[in-house]
Structure formats: C-alpha cells, structure tokens
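Peer 1: Next up is a structure, given as structure tokens.
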Number of protein chains: 2
Amino acid sequence: MTTKRSPGTADRILDVAERLVQVRGFNAFSYADVSKAVGIQKASLHHHFATKTDLGVALVERYRHAFLAALAAIEDDAGGALERLERYADLYRTVLRKRRMCMCGMLAADVATLPEPMRSSVAAFFAENVAWLSRVLAEGKKRGELRFAGPPAAMAGFVVSSLEGAMLVARGSGDPGHLDEAARLILSSLRGVGARTRRA
Amino acid sequence: MTTKRSPGTADRILDVAERLVQVRGFNAFSYADVSKAVGIQKASLHHHFATKTDLGVALVERYRHAFLAALAAIEDDAGGALERLERYADLYRTVLRKRRMCMCGMLAADVATLPEPMRSSVAAFFAENVAWLSRVLAEGKKRGELRFAGPPAAMAGFVVSSLEGAMLVARGSGDPGHLDEAARLILSSLRGVGARTRRA
DNA sequence: GTCTATAACGAGATAGAC
DNA sequence: GTCTATCTCGTTATAGAC
C-alpha cells in the first residue's frame, strides 16, 4: 500500500480550478478566484502553472486519467453489462449532484476559445468513453444481456451524448430529473423489449 | 403583407452577438468583438443595449421567439408525427452545420455566471421545447404512429437532452456525426420495434 | 515556494460633442 | 444615433525580494 501524503499545492490548485471550470466554464474563472480559494497569492500560482493554458491542459489530463480509473474500477467489480452501464450513469449523477457539469462537456461548449492542446485532450476524453462503452455494449449483446441494433460504437456515442446532454439540460432548466430520466430510458431501451424497471 | 425593411442597427447587433454566443459562449465575447463585426463604435452599442445583461436578455428572447416560430412552421406543414420529429432534428442539424451550438445549450453551460433574467429565459426555452414535443409525441402515439413507454413529457425531455448533448459532443470531439447518429437512434426507437431505416 | 509590486492589456460602461 | 475620449476594474503574466 502506497503512503498517502496530504495533497501538495499543485493538487490543491487543480482541485479548486477543476470545480471552477465545471461550475463556471474555462473562460469564467480567473487566477484571482483560485488564489482566494487556495489561500495563496496569484503570483504563486504561476510558479505551479506558468500560464492558464498549462493549467487547463493539466486539468483535462488529470480528469481523463481519473475517469479512466473510475471505468477500470467498474470493470474490476465484475458485474454484468447492465450493472456496468448503471454505474457508468452514476458517474454522471454524482457530478450533477455536486451542481457541476462534466468537465469535458463544459469544455466542449468552450471549445472555440480553447488552446489547441486542450481541444485534442477533450476530444480524446470522448473517444475513450466511447471505446469503453463500445466494449461493454458489445459484450453485453454477445451474452444476450443487451439488445440494440447497429454497431456498438454508434450506440456508445449515443449513450455519451444523451448523458452529457441530460446534464446540460438539467442545469439549464434547473431540473436534475432530466439526467435520471435519460439514464432510465437508455438503460430500459438496452434491456430490450420486455423490459422491467430496476428495483428500488 | 408587412413591408420588410433592411435590418436596423439593433437587429444587426443581435445577429452578430447571437453568432458569437453560439460559437464562443456568453463570457467569451465582448462589445469590442461586436463593434468590429457590425462596423460601429463600442459606445454606440450601449445606445441600443445599455448593458451586456440587456443584450443577453434580448438575445435569448429573440432566439426563443424564432424557435417557437420554427416549431409553428413545422405544424403548419401538417405531416405526421415522424415527419415533425425529423424536421425538429433538422433544426439542430442546421445549427451544427454552421459550426454553432444551440444558443440555449451554450447558455445552459454558462448558467452559473448568467444574470437571473437570462437564466429563467433559458429554462423557459427548454420548457417550451418539451411542451411542443410532448404534444407531437402524444398525438403520434394515439394515432399508432409512434411507440414508446411512459409519459410523453419524459420522452420529450429525453429527445431534447439527447439532441443538445449530441451537438455538444459533436463539437467537443470534432465529429458532427454524433448528431446524425442521435437523431437516427431516437427516431428509429420511436418508430417502434419493427423499425426500418428511412430512405436516402 | 511564496511574497509584494507592477506591467500590459481588455473588459463593461459613461460623458458629452456632433 | 454615432462619435471620441476616458474611467474603473479585472485579467494574465512578470520581476525581483525573501
């Protein structure tokens, strides 16, 4: 077991900046905001992340890494495809419950204003999600646990789109229920025709 | 028939600002940007829209109005529910083709930073869309043209979410195909079990 | 690694002439 | 209704002491 130290300054900066991006967007937070929340002067932030672009790139890459780790954790617990999809949707629910948007969903909106290294990292996030879901969907179909038409990658893209959109609309309309509804409809559709709702 | 004059300055300002919001977001465009594109000094903009909040409110309300007009046009052409849903999806495709995000989808991302009058207008946009879709879905189901479980409003919310999310992910991943795929899957799901893809 | 101080620029907004 | 000029503030970023 690795020794766990209290988070260093760079990590605390990333934690604060991550929250700010997910709530406000990349163009609507400043070094001054981070400075206040971390309890360190603005100039000191530049020692850890020389430019806002550097900070942004580090944010997306850490987020991608953490998300991939969460997906790996779902696979380790070795349930069926339906359970994995439920837990995938739960990742989104957890974010929304914190009144945040998925960081890469947020950055997808900001994409026209992002520096190139951030853009390609955001694109990679979606590609990684689609790849993981494609595997889950393909396996679930093979085992007869899931039912859907067309290639797994197309359905995987739809799952990501729908969950991201449901978070977005949930925030825009002030009704978190949109995400629950989306997760419910996607799952019940994949369960096939004689679908029963899951137990409470 | 009403006489159609060339657009006044206020309208030209709104046209430019609308594009900027849909591409860059509300926090990532400035009066200077609008000034350049319209060919008028920054100070003159304040004559038409005293504050950026005023401009923002006017933008969302004009957008809502235009969207409602587009929905009314779809109803006037009196096709079936499936055709109406296809044309609804086309509204989104047209926006994405211009490399824009739905204005209210964009503002939903920015929502934490928006002045209150804009926030409630964004929420109203989604409510209007869900209301319109609910009617189309309910009628289509009644006529046996559509097949889906649960209340029409829930499915309507899912349709909006999925299309908004598909636009978002399409931009974030640089692949417009996400929107086509989402539209295709939603429509084929609503067509019911023995679905055939529509003709090319 | 953190600080104070400041540079250099762009933001939203106002005053007042024409 | 548009202009020039200006104000005030916030932004990212740097210099240099400790």
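Yes/no matrix, rows are residues, columns are (1) within 30 Å of A:GLU164 (Cα to Cα); (2) among the polar types (S, T, N, Q):
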position: B:ARG24; (1), (2): yes, no
position: B:GLN41; (1), (2): no, yes
position: B:HIS48; (1), (2): no, no
position: B:MET103; (1), (2): yes, no
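Peer 1: On to the next question. Please go through region B:1-18 and pick out each residue that is within 16 Å of DNA strand C (Cβ to nearest atom) and buried (at least 16 other Cβ atoms within 10 Å of the Cβ). Can you show your working first?
Peer 2: Taking region B:1-18 as the starting set, the residues that turn out to be within 16 Å of DNA strand C (Cβ to nearest atom) are B:9-10, B:13-14, B:16-18.
Matches in region B:1-18: B:ILE13, B:LEU14, B:VAL16, B:ALA17, B:GLU18.
Peer 1: Against the definition (over 23 Å from B:ILE186 (Cα atoms), touching a residue at least 12 places away in the same chain (Cβ under 8 Å) and facing chain B (nearest Cβ under 8 Å)), how does A:VAL122 come out, yes or no?
Peer 2: So A:VAL122 fits the description; yes.
Peer 1: Here is a follow-up. Looking at B:GLY165, is it touching a Ser or Thr at 6+ places or on another chain (Cβ under 6 Å) and either among the aliphatic types (A, V, I, L, M) or within 14 Å of chain A (Cβ to nearest Cβ) (or both)?
Peer 2: Numbers: touching a Ser or Thr at 6+ places or on another chain (Cβ under 6 Å): yes; either among the aliphatic types (A, V, I, L, M) or within 14 Å of chain A (Cβ to nearest Cβ) (or both): yes.
Yes: the conditions hold for B:GLY165.
Peer 1: Quick check on A:LEU133: is it over 20 Å from A:ALA182 (Cα atoms) and either among the hydroxyl-bearing types (Ser, Thr, Tyr) or modelled with pLDDT of 95 or more (or both)?
Peer 2: no
Peer 1: While we're looking at this one, here's another question. Restricting the search to region B:37-67, which residues are among the charged types (D, E, K, R), more than 9 Å from DNA strand D (Cβ to nearest atom) and more than 14 Å from chain A (Cβ to nearest Cβ)?
Peer 2: Within region B:37-67, B:ASP54, B:GLU61, B:ARG62 qualify.
Peer 1: Of the residues that make up region B:150-161, is at least one outside any helix (DSSP H, G or I) and at the interface with another protein chain (Cβ under 7 Å from one of its Cβ atoms)?
Peer 2: Our first condition is that a residue be outside any helix (DSSP H, G or I); within region B:150-161, this holds for B:150-151.
Applying the additional criterion that residues be at the interface with another protein chain (Cβ under 7 Å from one of its Cβ atoms) yields none.
No; the residues of region B:150-161 include none that is outside any helix (DSSP H, G or I) and at the interface with another protein chain (Cβ under 7 Å from one of its Cβ atoms).
Peer 1: Right, B:THR94: more than 16 Å from DNA strand C (Cβ to nearest atom), loosely packed, with under 14 Cβ neighbours inside 10 Å and among the hydroxyl-bearing types (Ser, Thr, Tyr) or not?
Peer 2: Answer is yes for this residue.
Peer 1: Can you tell me which residue within region A:136-149, out of those that are part of a helix (DSSP H, G or I) and buried (at least 16 other Cβ atoms within 10 Å of the Cβ), is nearest to the other protein chains (Cβ to nearest Cβ)?
Peer 2: Out of the qualifying residues, it is A:LEU137.
Peer 1: While we're on this one: So is B:VAL21 out of contact with any Lys or Arg (no Cβ under 7 Å at 6 or more places or on another chain) and touching a residue at least 40 places away in the same chain (Cβ under 8 Å) or not?
Peer 2: For B:VAL21, the condition - out of contact with any Lys or Arg (no Cβ under 7 Å at 6 or more places or on another chain) and touching a residue at least 40 places away in the same chain (Cβ under 8 Å) - is met.
Peer 1: Between A:GLU61, A:GLU75, A:GLU86, which is touching a Ser or Thr at 6+ places or on another chain (Cβ under 9 Å) and either surrounded by 15 or more Cβ atoms within 10 Å (Cβ to Cβ) or on the phi < 0 side of the Ramachandran plot (or both)?
Peer 2: A:GLU61
Peer 1: A further question follows. Answer yes if at least one residue in region A:5-18 is under 14 Å from the mean Cα position of the chain (by Cα) and within 28 Å of A:VAL169 (Cα to Cα), and no otherwise.
Peer 2: Initial filter on region A:5-18 (under 14 Å from the mean Cα position of the chain (by Cα)): A:18.
Then keep just the ones that are within 28 Å of A:VAL169 (Cα to Cα); that gives A:18.
Yes, because at least one residue in region A:5-18 is under 14 Å from the mean Cα position of the chain (by Cα) and within 28 Å of A:VAL169 (Cα to Cα).
Peer 1: If you check B:ALA127 against the conditions, is it under 13 Å from the mean Cα position of the chain (by Cα), more than 25 Å from A:GLN22 (Cβ to Cβ) and more than 16 Å from DNA strand D (Cβ to nearest atom)?
Peer 2: no
Peer 1: For region A:19-32, enumerate the residues that are within 14 Å of chain B (Cβ to nearest Cβ) and either within 12 Å of DNA strand C (Cβ to nearest atom) or surrounded by fewer than 16 Cβ atoms within 10 Å (Cβ to Cβ) (or both).
Peer 2: A:ASN27, A:ALA28, A:SER30
The values are calculated or read from the model by the stated rules, or taken from the named source; none is laboratory data. Quick caveat: nothing in here was measured; it's all calculated off a predicted structure. Glycine also receives a Cβ, built like all others from the backbone with ideal geometry; neighbour counts cover every protein chain displayed.
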